[in-house]
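What follows is a single structure, written as structure tokens, with notes after it.
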Amino acid sequence: MYKEKTDRELIELLAIHKKLTFQSQLNLKAELNHRNIQENITDLENTISEKISEIENLDYLKNLGFKADKFGNSIKVTRTDKAVLVDIVAIVLGTIFCLIGFFGILGLIGSFSSEGEFSIFSLITEIGMIAIGILGVKFLSGIKRLIDYAGFELLNNNGTITLKKRFDTKLVEIQKNESLLELKEQSELMTLKLENDDILSANTNNIIQKMTISELTKRLKTVANNV
């Protein structure tokens with residue numbers, strides 16, 4: 001990422017490193033070390049260390065819509081109230097946008113079937129309404145997520161994993177040994193699985209999400225040994 005930058009440009013980036021993404025901060029540190037530039041990078045290292053500490057504390061699990069609570073020799077993962085609210089809002093907006101798109105389609109059909117004067121402004125408006133409707137369809141993906149994770153719970157108690165998750169709308173409880181927990185990477189998703197059942201996923205292009213789901217897996221598999 002920074003191989004084409006001059007030393008001076010790297011030093012300028014170092015001065016504003018807090019404005020960079022976490023991945024960019026890591027890349028900047030690596031490039032500075034590689035070139036052995038004699039510049040104080042303590043602040044950059046501290047910023048990175050703080051971010052890693054937050055990831056290890058699962059502070060960013062909420063960005064995936066989940067939270068983890070540890071008690072005794074158990075750890076429980078559930079969905080956050082905010083994630084549920086976001087899904088509900090997305091469904092409501094998606095429904096409204098789809099209705100707008102529906103009326104846009106009706107208007108477009110009417111424009112071509114009408115014998116009245118053709119209006120470019122009306123055409124643009126109707127196409128815009130249809131575009132909003134397409135966006136609404138994407139928002140409605142919140143319906144599946146809301147159903148899939150209604151009643152969701154992932155618990156490790158003394159090495160036994162209990163997963164409560166809906167499969168085909170039916171809430172199912174599965175109990176298996178923690179050794180069957182694994183991370184699988186496919187395309188742009190990293191998925192936490194309990195044997196053959198998907199639990200939750202993270203975007204592999206987002207290093208914070210990727211590190212968070214890796215840390216969660218580690219915690220779920222070692223919690224009993226960390227008490």
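Does K82 qualify as being basic (K, R), touching a residue at least 24 places away in the same chain (Cβ under 8 Å), surrounded by fewer than 15 Cβ atoms within 10 Å (Cβ to Cβ) and part of a helix (DSSP H, G or I)? Criteria not met by K82. Checking the structure you have, find out if any residue of segment 49-56 is buried (at least 17 other Cβ atoms within 10 Å of the Cβ) and either of a type outside the set (S, T, Y) or part of a helix (DSSP H, G or I) (or both). Yes.
If you go through segment 118-140 one residue at a time, do you hit one that is among the β-branched types (V, I, T) and open to solvent by less than 50 Å² (accessible area, probe 1.4 Å)? Looking for residues that are among the β-branched types (V, I, T) and open to solvent by less than 50 Å² (accessible area, probe 1.4 Å), one finds at least one in segment 118-140, hence yes. Within segment 12-26, being farther than 12 Å from D43 by Cβ and either open to solvent by 60 Å² or more (accessible area, probe 1.4 Å) or of a type in the set (D, E, K, R) (or both) holds for E12, K19, T21, Q23.
Among the candidates I48, I41, I16, which residue alone is more than 18 Å from I207 (Cβ to Cβ) and touching a residue at least 24 places away in the same chain (Cβ under 8 Å)?
Just a single option satisfies the conditions, and that option is I41.
Would you confirm whether any residue within segment 159-166 is assigned to a loop (DSSP other than H, G, I, E, B), in contact with a strand residue (DSSP E or B) (Cβ under 8 Å, 6 or more places away or on another chain) and farther than 21 Å from D87 by Cα? Scanning segment 159-166, I find at least one residue that is assigned to a loop (DSSP other than H, G, I, E, B), in contact with a strand residue (DSSP E or B) (Cβ under 8 Å, 6 or more places away or on another chain) and farther than 21 Å from D87 by Cα, so the answer is yes. Assigned to a strand (DSSP E or B) and closer than 15 Å to V77 by Cα: is that true of L171 in this structure? Criteria not met by L171.
The values are calculated or read from the model by the stated rules, or taken from the named source; none is laboratory data. The structure displayed is predicted, hence computed values, not measured ones. Note: ideal-geometry Cβ built from the backbone for every residue, glycine included; neighbour counts use all protein chains shown. We work out accessible area using only protein heavy atoms, side chains counted, and drop any ligands, DNA or RNA first. Shrake-Rupley method; radii C 1.70, N 1.55, O 1.52, S 1.80 Å.
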